[in-house]
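Below is one structure, written out as structure tokens; comments come after it.
FYI, it's all coordinate maths here, none of it is from the lab. Note that the structure is a prediction, hence the values are computed from the model and not measured. Methodologically, a virtual Cβ is constructed for each residue, glycine included, from the backbone with ideal geometry; neighbour enumeration extends over all protein chains shown.
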Amino acid sequence: MFAKLVVLILVMLGLGGFVLTTRQASLQARSELTQAYLRIHKADDDLLTLRSAIAMRVMPESVRGMALAAGVGELSPALDELPPALALQGLGTLDQMRARLREQLLEFDAEQAQKARKASPQRKPAAQPNKQPQSQPNNKPNNTKPPAKPSPSRIARNDA
């Protein structure tokens with residue numbers, strides 16, 4: 001009896017230790033997840049700060065000033081045409097290049113979809129078990145109970 005009590009106490013201590021260990025692991029995982037979230041949040045804040053600093057330095061006036069200071073001269077807007085050297089290579093206008101690129105992307109997407117259909121196993125419709133024809137209003141099974149047979153005690157009462 002004493003041995004059973006000792007074994008029971010040891011088992012309970014083992015279970016308690018296991019529960020405490022899993023609880024500690026869970027708390028540590030939550031702590032690491034929270035720390036990772038805080039690091040990500042700080043990195044986002046730093047990124048926002050850097051973007052705003054870049055935006056302040058890249059105002060159109062400051063870019064013109066940097067270009068003049070570098071000796072580039074007056075800046076002019078970009079045109080929607082290719083330089084003559086590239087146009088001579090048969091590339092066409094930018095709109096024509098965009099249209100060709102759009103067509104190539106559509107063809108590529110169609111090829112990828114076709115490959116995916118070929119690679120995926122074709123599903124065959126599941127075999128339907130033999131179904132009995134559904135009952136029609138005229139073919140309803142007769143679910144009415146047959147008339148009850150009179151019990152011998154009723155017969156004796158009716159005879160009297």
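Of note:
- Extension gain, S76 to F2: 0.36 nm times the residue separation minus the Cα-Cα distance gives 17.0 nm.
- Simple spin-label estimate for L94 and E107 in nanometres, 7 Å along Cα-Cβ: 2.5
- Calculated FRET value between R30 and I9, using beta carbons and R₀ = 41 Å, to 0.05: 0.80
- The length gained on full extension between V63 and V19, counted as 0.36 nm times the residue separation minus their Cα-Cα distance, comes to 9.5 nm.
- K118-D44 pseudo-label distance in nm [points 7 Å out on the Cα-to-Cβ vector]: 4.4
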